[in-house]
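Novice: Handing you this structure, nothing more for now.
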Amino acid sequence: MSLFLAICQGIGLAIAAGTFAGASGRRDAVGVLLAIAAAVGGAILFAISMSNRDHPAIVGVPLGAILAVIAYGVVSSVVGGAQARVRGASSIGLIVAGIALVLAVVTAFVWEPFGLLVLVGLLWLASARQRRAQRKYEGLRSLR
């Protein structure tokens with residue numbers, strides 16, 4: 001059971017790292033640097049979660065990096081789209097960053113399996129966005 005809780009906690013912390021970095025909504029060169037920082041942070045947090053429960057930390061490094069980059073991609077896409085629609089100074093990024101911090105605190109100190117629920121929600125959001133993007137050009141036969 002301890003391994004399961006360590007993995008759930010690592011998942012939640014890695015997703016929180018990716019979400020925090022993705023709160024900027026940047027998809028340019030700065031966004032690439034933020035994605036790299038999210039990957040490093042997610043890998044470190046997942047490894048710490050594993051080692052705190054006396055499990056091999058090396059397992060958490062690739063999983064944490066992958067989950068953080070996925071979270072960064074989904075969150076920065078959502079935030080970037082929302083900021084483009086609002087046009088102007090908005091606090092969307094600050095709200096998402098605050099949510100990321102709450103996610104990290106809940107996963108680390110309150111209930112570790114919450115990270116698993118967040119992963120399911122993140123994958124559902126990514127899937128819904130992909131389906132919506134595919135429907136966008138569904139009726140077009142040619143783009144000429």
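Novice: Counting only residues that are in a helix (DSSP H, G or I), surrounded by fewer than 20 Cβ atoms within 10 Å (Cβ to Cβ) and hydroxyl-bearing (Ser, Thr, Tyr), how many does segment 63-102 have?
Specialist: 1
Novice: Can you pull out every residue in segment 48-62 that is surrounded by fewer than 24 Cβ atoms within 10 Å (Cβ to Cβ) and in a helix (DSSP H, G or I)? Break it down stepwise before answering.
Specialist: Residues of segment 48-62 surrounded by fewer than 24 Cβ atoms within 10 Å (Cβ to Cβ): 48, 50-59, 61-62.
ILE48, MET50, SER51, ASN52, ALA57, ILE58, VAL59, VAL61, PRO62, listed by residue number.
Novice: If we scan segment 93-101, do we find a residue that is within 19 Å of the chain's Cα centre (by Cα) and more than 13 Å from PHE20 (Cβ to Cβ)?
Specialist: No - not one qualifying residue is present in segment 93-101.
Novice: Look through segment 1-23, keep the residues that are small (Gly, Ala, Ser) and more than 17 Å from VAL102 (Cα to Cα), and return whichever of them is surrounded by the most Cβ atoms within 10 Å (Cβ to Cβ).
Specialist: Within segment 1-23, the first condition is being small (Gly, Ala, Ser), and the residues that meet it are 2, 6, 10, 12, 14, 16-18, 21-23.
With the extra rule that they be more than 17 Å from VAL102 (Cα to Cα), the set shrinks to 2, 6.
Values: SER2: 11, ALA6: 23.
Top of the filtered list is ALA6.
Novice: Give the residue, chosen from ALA38, ALA16, ALA21, that is among the small types (Gly, Ala, Ser), within 19 Å of LEU122 (Cβ to Cβ), assigned to a helix (DSSP H, G or I) and free of Cβ contacts under 8 Å to residues at least 40 places away in the same chain. Walk me through it before giving the result.
Specialist: Working: ALA16 fails: free of Cβ contacts under 8 Å to residues at least 40 places away in the same chain; ALA21 fails: free of Cβ contacts under 8 Å to residues at least 40 places away in the same chain.
The unique qualifying residue is ALA38.
Novice: Here is a further query. For segment 12-37, how many residues are touching a Ser or Thr at 6+ places or on another chain (Cβ under 8 Å), under 21 Å from ALA47 (Cα atoms) and not small (Gly, Ala, Ser)?
Specialist: Within segment 12-37, residues that are touching a Ser or Thr at 6+ places or on another chain (Cβ under 8 Å), under 21 Å from ALA47 (Cα atoms) and not small (Gly, Ala, Ser) number 2.
Novice: Sticking with this structure for a sec: Within segment 36-46, can you find the residues that are among the small types (Gly, Ala, Ser) and surrounded by fewer than 22 Cβ atoms within 10 Å (Cβ to Cβ)? If you could, list the steps in order and put the result at the bottom.
Specialist: Looking only at segment 36-46, we keep the residues that are among the small types (Gly, Ala, Ser), and these are 37-39, 41-43.
Within segment 36-46, ALA37, GLY41 meet the criteria.
Values quoted throughout were computed directly from the atomic coordinates according to the rules given, and no laboratory measurement underlies them. As the structure is a prediction and not an experimental result, all values here were calculated from the model. Virtual Cβ from ideal backbone geometry, glycine too; neighbours counted across all protein chains shown.
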